Amino acid sequence: MTNDFDVVVIGAGPSGSVAAARLMQDGFTVLVLEKMEFPRFVIGESLLPQCMNYLEAVDLLSSVDRLGFQIKTGVAFFHNNQVCDFLFKERFSEGWDYTFQVKRAEFDHALIKETERKGAVVEFGATVTNVVTSEEQQIVTYTNKEETEKSIRTRFVMDASGYGRVLPRMFDMEVPVSSPPRGAIFSHVQDTKRSTKASENIFVFDFNNNTSWIWSIPFSDGTASVGVVGNTDFIIECGENGGEKFKELVDNFPGLNGRFKGEEYIFEPKQILNYAVSVKKMYGTGFVLCGNSTEFLDPIFSSGVTLAIASGYEAADLVVKHLDGKPVDWENDYEKRIKHGIDVFRSYVEAWYNGDLHTIFFVDEGSFEFKTQICSVLAGYVWDQTNPFAKKHKTVLKTLAKVIKIRDGE
Ligand SMILES: Cc1cc2nc3c(=O)[nH]c(=O)nc-3n(C[C@H](O)[C@H](O)[C@H](O)COP(=O)(O)OP(=O)(O)OC[C@H]3O[C@@H](n4cnc5c(N)ncnc54)[C@H](O)[C@@H]3O)c2cc1C
């Protein structure tokens, strides 16, 4: 049975690029179908050190390294007048101690261009509209930029379509998540008053009784990304009248100390609502999901791109095995592994919104135990089985918060 390509990858975000690059390391032919023209905007600008390992493994790191992105060495959380600063060099697990804050248009473009240079065929303006799967062959139908419908025969399909969630929607695989519906509103602004302290890292400030938070992410060109996350109703309110309430928050939020007051907006605020969603299964006959096509939870710990890259790599690694005619245990070697990574962050996200992390983070610096272990998770090293704060994520945060409360007589 003839095939046009060994693998079709849907989507040219970081997950799709890394997947394609991994497949080509073993000599497979890859077609990446991307609905947009690149460079294109997408939110998700603060990376985690763990993703550097994967970018390096597929030889894509130098293509982004040379672009001079803002180096990120940690993350700082603010609550009232307290600050909890994590520096990645003070982490428990082996690995990178820095990463980047990136404008995704440039980052994603650099990754896919390098992937194309390595030999992938990449078609932009190509929207996948139908996929028919079977044991022997998969048929992917798409509309190209001339609005012509085309069909491609392939041995395997990798869905890295991010928020497009092509196969989860087509195959009725989506399931809701239990977290309350949240949204975000954000923009890029000039950052001319940036202090040295704010020069590298993402700052996160909570407010509204810990139902909302603001991020500031500095870029190397002197601009910054600023955004607010909160319950959907609040975000809709922030977006009314051209984002009046959002801009007011950015101007006057006490923790930001007037950093963005009067600064020029690079684009009008954009909104994204109810992004959290999961899937019944991450794989099926002739296909696998990776990146945001699997699950996206919450942006609080900047885990999205790292999980997208990790799952793109791990899935492609198994696709290589499958195409080589070897048996693949998708359940244990892929779904369980990726789910573990997502679930570690889920425990931290839940602990953030229910206040346990506040109890842990905002103690006196001298009495913050296990900071290096928690720092490892915040650097993305969620698969380090020697770290109890990754391995036993479901119980360890709850227990630690309880112990601190008892100790402090709360
Ligand atoms: C408010 C907010 C803030 C965030 N902040 C961060 C952060 O600071 N750090 C972080 O790591 N993550 C963050 N994220 C998460 C991040 O946006 C995603 O996890 C990440 O972009 C996922 O990458 P991906 O490669 O899976 O998908 P994407 O980057 O979304 O790429 C998917 C590609 O598929 C294409 N596509 C879609 N449908 C089709 C189709 N039918 N045919 C062909 N192509 C298609 C799309 O055009 C797109 O280019 C944030 C998310 C939100 C909502």
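Across region 154-179, the qualifying residues are those that are of a type in the set (D, E, K, R) and within 15 Å of the ligand (Cβ to nearest atom), and the one among them that is nearest to residue 330 (Cα to Cα) is 159. Which of the residues belonging to region 5-61 are of a type in the set (S, T, N, Q), assigned to a loop (DSSP other than H, G, I, E, B) and closer than 14 Å to residue 107 by Cα? Answer for region 5-61, where residues must be of a type in the set (S, T, N, Q), assigned to a loop (DSSP other than H, G, I, E, B) and closer than 14 Å to residue 107 by Cα: there is none. Scanning region 102-124 for residues that are touching a Pro at 6+ places or on another chain (Cβ under 6 Å) and in a strand (DSSP E or B) returns no hits. If I filter region 77-97 for residues that are in the same structural domain as residue 156 (by TED's automatic domain parsing), part of a loop (DSSP other than H, G, I, E, B), more than 9 Å from the ligand (Cβ to nearest atom) and not basic (Lys, Arg), do I get at least one hit? No, region 77-97 contains no residue that is in the same structural domain as residue 156 (by TED's automatic domain parsing), part of a loop (DSSP other than H, G, I, E, B), more than 9 Å from the ligand (Cβ to nearest atom) and not basic (Lys, Arg).
Applying the set (1) out of contact with any Lys or Arg (no Cβ under 6 Å at 6 or more places or on another chain); (2) β-branched (Val, Ile, Thr); (3) within 28 Å of residue 390 (Cα to Cα) to residue 58 leaves exactly one unmet item: (1). Checked against (1) surrounded by fewer than 22 Cβ atoms within 10 Å (Cβ to Cβ); (2) in contact with a strand residue (DSSP E or B) (Cβ under 7 Å, 6 or more places away or on another chain); (3) of a type in the set (Val, Ile, Thr); (4) under 30 Å from residue 211 (Cα atoms), residue 185 passes all but a single condition, namely (1). Do the conditions hold for residue 405, that is, is it modelled with pLDDT of 95 or more and out of contact with any Leu (no Cβ under 6 Å at 6 or more places or on another chain)? Taking the combined requirement at face value, the residue does not satisfy it.
Of the strands (runs of 3 or more DSSP E) contained entirely in region 222-303, not one carries at least 1 residues that are out of contact with any strand residue (DSSP E or B) (no Cβ under 6 Å at 6 or more places or on another chain) and among the acidic types (Asp, Glu).
Beta carbons closer than 9 Å, at least 6 apart along the sequence or on distinct chains, pair a first residue in region 82-94 that is more than 14 Å from residue 52 (Cβ to Cβ) with a second that is exposed (fewer than 14 other Cβ atoms within 10 Å of the Cβ) and charged (D, E, K, R) for 84/365; 85/365.
Let's see how each residue does on (1) closer than 29 Å to residue 73 by Cβ; (2) at pLDDT below 95:
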| position | (1), (2) |
| --- | --- |
| 164 | no, no |
| 201 | yes, yes |
| 205 | yes, yes |
| 237 | no, no |
| 244 | no, no |
| 250 | yes, no |
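The residues in region 128-153 that are surrounded by 19 or more Cβ atoms within 10 Å (Cβ to Cβ), near the ligand (Cβ under 10 Å from one of its atoms) and not aliphatic (A, V, I, L, M) can be counted, and the count is 1.
The residues in region 189-235 that are among the hydroxyl-bearing types (Ser, Thr, Tyr), within 16 Å of the ligand (Cβ to nearest atom), in contact (Cβ under 8 Å) with a residue 60 or more places away in the chain and farther than 21 Å from residue 351 by Cβ can be counted, and the count is 2. Among the residues making up region 376-388, those that are part of a helix (DSSP H, G or I) and within 18 Å of residue 306 (Cα to Cα) are 376, 377, 378. For region 327-351, filtered to residues that are in contact with a helix residue (DSSP H, G or I) (Cβ under 9 Å, 6 or more places away or on another chain) and farther than 21 Å from residue 50 by Cα, the residue that is surrounded by the fewest Cβ atoms within 10 Å (Cβ to Cβ) is 327.
For residue 206, the conditions (1) assigned to a strand (DSSP E or B); (2) over 22 Å from the mean Cα position of the chain (by Cα); (3) of a type in the set (D, E, K, R) all hold with the exception of (2).
The values are calculated or read from the model by the stated rules, or taken from the named source; none is laboratory data. These figures come from a predicted structure and were not determined experimentally. Ideal geometry is used to build each Cβ from the backbone, glycine not excepted, and the neighbour counts take in all protein chains shown.
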